[in-house]
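The values are calculated or read from the model by the stated rules, or taken from the named source; none is laboratory data. This structure is a prediction, so every number in the text was calculated from the model and none was measured. When we count neighbours, we look across all protein chains shown, and the Cβ atoms used for this are built from the backbone with ideal geometry, even at glycine. Heads up: the accessible areas ignore ligands, DNA and RNA and are worked out on the full protein's heavy atoms, side chains in. Shrake-Rupley method; radii C 1.70, N 1.55, O 1.52, S 1.80 Å.
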Amino acid sequence: MRPGDGAEPIRVMLVDDQILMREGLRKLLEIEPGIEIAATAGGGQEALAWLAGALDGERPQVVLVDARMPGMDGVELVARLRADFPGLAPVILTTFDDEDYIFGGLRAGAKGYLLKDTPPDELVAAIRRAARGETVLGGAASDRLVALLRAAPAPSAARSLPEPPGGLSEREYEIALLIGAGAANREIARRLHITEGTAKNHISSCLRKLGLRDRTQLAVWVSRHAPPRNGAT
């Protein structure tokens, strides 16, 4: 049986830099039947270090992650969790309904996005659903996604990128093209609805895959591999 179907307790990890929030969530959840608090952490590095040293049976199924934390924000932590511990289900639980965090978190692999004013019974239900592999979205995240879909161009009018060269993913190639156009990290993050930290991670991945040293070399690479602009001969 899968976690969350009543066969065994769902282990949950809490990652939040505010100790009062961590302890409040702990007290709220540890009295719920079928839920067990595996660990708490005050930040991303602490969470990753604990997970790396934990046995498989000690690790959580669900990780509740605050979006805005010093050192490593929630979006970056979600990306690290999905890369290093793919069996975990990260859910962002935050006070911020910022588009960068919502879209950035979901793109990084979050299984859900909830606000901290979520009623306790809904939070518990969301944890159970995330443990079963379902995606859980609070009202704010759902509203933003609907608005984005409504504002998106029709598929026939959407711009399509060529197959990315150099082994890059579509998102990495998209960011590489923006680097080639002279965009700074902040502009890239704003245009793609991601955080600056996520943009930096993608740029680092581009450099690693292409064997380049810095973004200047990446811009030169783009000038050699980017598709010609309309009207170019």
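Taking residue 83, is it open to solvent by 30 Å² or more (accessible area, probe 1.4 Å) and closer than 27 Å to residue 171 by Cβ? Considered against the rule, which asks whether it is open to solvent by 30 Å² or more (accessible area, probe 1.4 Å) and closer than 27 Å to residue 171 by Cβ, residue 83 comes out as yes. Report yes if residue 156 is small (Gly, Ala, Ser), at pLDDT 85 or above and out of contact with any Lys or Arg (no Cβ under 8 Å at 6 or more places or on another chain), otherwise no. Here the answer is no, as residue 156 does not meet what is asked. Counting only helices (runs of 4 or more DSSP H) that sit completely within region 164-233, those holding 2 or more residues that are modelled with pLDDT of 85 or more, of a type in the set (S, T, N, Q) and open to solvent by less than 70 Å² (accessible area, probe 1.4 Å) correspond to 196-210.
Is it the case that residue 28 is surrounded by fewer than 18 Cβ atoms within 10 Å (Cβ to Cβ), in contact with a helix residue (DSSP H, G or I) (Cβ under 9 Å, 6 or more places away or on another chain) and either of a type in the set (Val, Ile, Thr) or farther than 21 Å from residue 104 by Cβ (or both)? Against the criterion (surrounded by fewer than 18 Cβ atoms within 10 Å (Cβ to Cβ), in contact with a helix residue (DSSP H, G or I) (Cβ under 9 Å, 6 or more places away or on another chain) and either of a type in the set (Val, Ile, Thr) or farther than 21 Å from residue 104 by Cβ (or both)), residue 28 qualifies.
Pick out the one residue from 34, 57, 53, 71 that is in contact with a helix residue (DSSP H, G or I) (Cβ under 8 Å, 6 or more places away or on another chain) and open to solvent by less than 70 Å² (accessible area, probe 1.4 Å). Spell out the reasoning first.
Details: 57 fails: in contact with a helix residue (DSSP H, G or I) (Cβ under 8 Å, 6 or more places away or on another chain); 53 fails: in contact with a helix residue (DSSP H, G or I) (Cβ under 8 Å, 6 or more places away or on another chain); 71 fails: open to solvent by less than 70 Å² (accessible area, probe 1.4 Å).
When all the criteria are applied, what remains is 34.
Among the numbered conditions (1) surrounded by fewer than 19 Cβ atoms within 10 Å (Cβ to Cβ); (2) of a type outside the set (Ser, Thr, Tyr); (3) in contact (Cβ under 8 Å) with a residue 60 or more places away in the chain, the only one that residue 12 does not meet is (1). Name the residue that is nearest to residue 225 (Cα to Cα), counting only residues in region 115-153 that are open to solvent by 60 Å² or more (accessible area, probe 1.4 Å) and at pLDDT below 85. Taking the candidates together, the pick is 153.
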